[in-house]
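A short worksheet on the structure shown next.
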Amino acid sequence: MRELMRRFSFSDRVSDGSGSVPRGCVPVLVCGGDGDGERFVVRVEALRHPSFAALLEMAAQEFGYKQEGVLRVPCAVHQFRDALSAAVSSPRTTGNYR
């Protein structure tokens with residue numbers, strides 16, 4: 001997980017084909033079992049929150065640590081939103097998400 005975080009935290013802009021993502025943010029594609037996905041732009045600090053640990057581990061197991069561009073997370077959108085809400089409400093992470 002640390003390697004994945006390091007990989008996304010050093011780029012000025014990340015291009016995923018649909019535009020640029022601001023520095024300090026990661027494009028995330030949440031892809032549940034139904035095949036549809038929802039795209040989020042998340043600050044790196046939020047991904048360091050403990051609520052994301054299991055989600056990032058699932059992503060690493062399914063897609064590996066060398067994902068390029070968009071970070072794919074294999075979970076239900078509501079599960080990702082719950083983790084994001086926990087990270088946003090934490091005093092250690094602030095900023096706009098989504």
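For first residues located in region 61-75 and within 16 Å of Val42 (Cβ to Cβ), partners that are among the hydroxyl-bearing types (Ser, Thr, Tyr) and lie 6+ apart or on another chain with Cβ distances below 9 Å form the pairs Gly69/Ser15. Per the conditions (1) part of a helix (DSSP H, G or I); (2) in contact (Cβ under 8 Å) with a residue 40 or more places away in the chain, the sole criterion not satisfied by Phe40 is (1). Within region 68-85, the residues that satisfy the criterion of being surrounded by fewer than 16 Cβ atoms within 10 Å (Cβ to Cβ) and in a loop (DSSP other than H, G, I, E, B) are Glu68, Gly69, Ala76.
Comparison of Val21, Val14, Val88, Val30 shows that the only residue that is surrounded by 15 or more Cβ atoms within 10 Å (Cβ to Cβ) and either among the hydroxyl-bearing types (Ser, Thr, Tyr) or at pLDDT 90 or above (or both) is Val30.
The set of residues in region 34-66 being of a type outside the set (Gly, Ala, Ser), in contact with a Lys or Arg (Cβ under 9 Å, 6 or more places away or on another chain) and buried (at least 16 other Cβ atoms within 10 Å of the Cβ) consists of Phe40, Val41, Val42, Glu45, Arg48, His49.
The values are calculated or read from the model by the stated rules, or taken from the named source; none is laboratory data. Everything numeric in this text was worked out from a predicted model, so none of it was measured. Please note: Cβ atoms are built from the backbone with ideal geometry, for glycine as well, and neighbour counts cover all protein chains shown.
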